[in-house]
Structure formats: structure tokens, C-alpha cells
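Scroll down for the structure; my scribbles are underneath it.
The values are calculated or read from the model by the stated rules, or taken from the named source; none is laboratory data. What you are looking at is a predicted structure, and each value in this text was computed from that prediction instead of being measured. Using ideal geometry, Cβ is built from the backbone for each residue, glycine included, and neighbour counts are taken over all protein chains shown.
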Amino acid sequence: MKVFEEGKAKIYVFENVFYNPLAKLSRDVGVAFLAEISKLMKRRLKVCEPLAATGVRAIRYFLESNAIERITINDVLPVAYDNIIKNLELNKIEKNVQIFCKDANLLLNENAKKGSRFDFIDIDPYGSPMPFIQSATRALAHKGYLAITATDTAALCGVAIKACIRKYMAIPLRNEFMNEVGLRILIGAAIKNAAINEVALEPVLAHSTMHYMRIYLRYYVSSRKTDEILEKMGYLLYCFNCLWRESYASLKPNFERNCPLCGNRIEMAGPLWLGNFVDKEIARGMINFGIKEVSELCSILIEEDDLPPFYYNLDAISSKLKASSPKVSIVIERLKSLGFKVSRTHFSPKGIRTNATIKEIKEIIK
């Protein structure tokens, strides 16, 4: 049987047990995040991964973060449960670990009581994480953290519109920045789902990478905090003809149906999260963790987070103008010289985030 190596972990992958080596960056970021929040909380943490498959993520948390007081690892599939046990043995992890073969929601609900709740829960399913949000928030301690992965990007990015409405209760939009729209829909859906029970989820880190989206949220048992966070929900208004866009910060859609620039019909996406999604203190600490790819990602997340939502794709704008797409660095330099705020974005190598308007960016490209 072949042994895979990732970080400090060595794992076997049994037949019919899922392991995706392309999600290594996701796990790298998770290790750095867990290490940093443990440092900020000044203690080791009770951690749970209820959908563990091979257990590689949980094992890396144990070996690399130096943040574990106790870790609970679970998978409902008996073959995955056996795989986890084998991998724990392979990595010589014997203490401070609990292993279960249960339905994930059942495990989380069994720990939804004083003395049993977790400081950090990692929901990493195949597909949508939404079926697990309610149980996860019940099993979280106040000011604990919830990590969520979504791999159903076809729904979130507007390829499967009805699936997005069913799963996330939001309208997506398939355009040149659909990955940011999808990430903000995911954040907003998690927030709304938790708000049903008058508890709050506040985004502190988020990224969209390849085939998945990943968000980290801080949890509060507070109806006041819930109301504050819901105020940052709203809608995206967008024109496919001229690429104009605007954010509408309200859960009551009431706006003009025609584009103010070209008169074309406006499309709407949402409800979705319109606020920031980076806690800079956490991200700065993660930069120093020592994983190059994590440092690069967190650096650009910090840079772009203070700018308005919804980046501009220079290829898409140039195509509308029937012009050659300029270098990102040249456009950034020109916008800065004109007094605008601007940065690159982790969402796209040809994307920029700025407080300039589409009209002003078009003039520069022309």
C-alpha cells in the first residue's frame, strides 16, 4: 500500500476513501490558522473534524499546529474509520485523540452541551457544507471558530442556479468575478443559517482556490452581534453589457432595474456578504507561520480587504473594449497616480480591486 506524505503527515489511502492532494493548500492554511488562533487565545484547543475521510487534515493539525488539547476525528464510513485508525498508528498519535464512526450531525449534537463543546470545528464535506452548519454552531464554544469548505462551485458560481437557490437561498451570477460572488454567497448563507438561532458567525478569513471555497468564522452567542453582522448583508447589482456594478447593503431589494451607464437591464445576485472577510491580526500571524504559499495568500488578502467588494477582471473589460489586455502592474500604477486605492486580488491573476469606477478603468485601458 502506497504511503502519501503531506506536511509532517504520512497517510495510507484505502480504497473508496477520499483524498485530494490538490487541496493541500487548504490544509496548509488550516494548520497556520489553527496555530495562530491558539496563540491568540493563549491556550491549546479542543478541535473536531467530523468529516475526516483519511484523517489527513486532523493529523496535520495534531503534528504541525502545536494547538491541540484534544482532537475528535470522525467519519460515518466504516472503511474511512479504519483508515483513520491506521493513519493515526502510522503517525504514532496515541494521546489526546478520540475517533468515532458516526453521522457527523449526530456527533456534533452529542457535544452540544456545556463542558463538551469545541473551540474549533472543521467542516470539510464533498459538496455543500450547509447541512452541517446548525449542528456545528450548537457544538461550538462561545468565541470559538468554524472552518467551512464548499466544493459545489457550480452552484455558487451560477452554473447551477437552481441548486444555489435550494442550498444557499441566494441567487448567484455567472460573470467574470463569479468566484467572489460565490464566496460571498457562501459566507452569507452560513451567517443566515446561524442567525436562525440568534447566534453570530463573523468571517475572519476566506479564499477561493481552484475547485473549492474556504471560509473561517468566529462564533458568538449574542443576538446583538447577530444583528450587527446581518446589517452587512445585501445584494450585487450588475450590468452584463457595460460591466457596471454596485453593492446594495440591505436585505430589502428596492432599486432601479436599468443600468445608470448604458440603460441595459440590471441583474441581481444575493443575498450575500458585503463586509470584509479578513481579520488582519490573524492573517499577519499566519504570514509568519513558515509556509510560503500561506504567506503569499495572506499577504494579498490583507492588501485587498480594505477595498470595495467585487474585483475587476482586466481581460473581460479589454474584451468589451476590443482592446489588448494591459499588464496588471501598469493599470495599478496608473490608478495610484490618479489617487485611487488599488490592489491585486487573490481571486484572479488578471484581477484588481479598487475604488475606481468601471468608467475610469475603461479610460485607462483605452
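I need the full set of residues from the stretch 38-61 which are part of a helix (DSSP H, G or I) and either closer than 19 Å to residue 149 by Cβ or of a type in the set (Asp, Glu) (or both), in order please.
56, 57, 58, 59, 60, 61
Taking helices (runs of 4 or more DSSP H) that fall entirely within the stretch 149-223, which contain at least 3 residues that are surrounded by fewer than 24 Cβ atoms within 10 Å (Cβ to Cβ) and not charged (D, E, K, R)?
161-168, 178-195
Quick one: which of 277, 347 is among the aromatic types (Phe, Trp, Tyr), assigned by TED's automatic domain parsing to the domain that holds residue 37 and touching a residue at least 24 places away in the same chain (Cβ under 8 Å)?
277
Every residue, every condition in (1) over 19 Å from the mean Cα position of the chain (by Cα); (2) hydrophobic (A, V, I, L, M, F, W, C); (3) within 22 Å of residue 216 (Cβ to Cβ), yes or no:
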| residue | (1), (2), (3) |
| --- | --- |
| 124 | no, no, yes |
| 138 | yes, no, yes |
| 147 | no, yes, yes |
| 158 | no, no, no |
| 164 | no, yes, yes |
| 169 | no, yes, yes |
| 173 | no, yes, no |
| 182 | no, no, yes |
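How about the stretch 236-280: which of its residues are under 19 Å from the mean Cα position of the chain (by Cα) and either of a type in the set (D, E, K, R) or farther than 18 Å from residue 311 by Cβ (or both)?
271, 279, 280 - these are the residues of the stretch 236-280 that are under 19 Å from the mean Cα position of the chain (by Cα) and either of a type in the set (D, E, K, R) or farther than 18 Å from residue 311 by Cβ (or both).
Looking at residue 295, is it outside the structural domain of residue 215 (by TED's automatic domain parsing) and among the hydroxyl-bearing types (Ser, Thr, Tyr)?
Taking the combined requirement at face value, the residue does not satisfy it.
Pairs only if they're at least six apart or on different chains, beta carbon under 6 angstrom, first in the stretch 208-224 and without any contact (Cβ under 8 Å) to a residue 60 or more places away in the chain, second in a strand (DSSP E or B) and polar (S, T, N, Q); list them, first residue then second.
Every condition considered, no pair remains.
Just one of 322, 341, 327, 350 is out of contact with any Leu (no Cβ under 9 Å at 6 or more places or on another chain), charged (D, E, K, R), at pLDDT 95 or above and under 25 Å from residue 242 (Cα atoms); which is it?
Numbers: 341 fails: out of contact with any Leu (no Cβ under 9 Å at 6 or more places or on another chain); 327 fails: out of contact with any Leu (no Cβ under 9 Å at 6 or more places or on another chain); 350 fails: out of contact with any Leu (no Cβ under 9 Å at 6 or more places or on another chain).
So the residue among 322, 341, 327, 350 that is out of contact with any Leu (no Cβ under 9 Å at 6 or more places or on another chain), charged (D, E, K, R), at pLDDT 95 or above and under 25 Å from residue 242 (Cα atoms) is 322.
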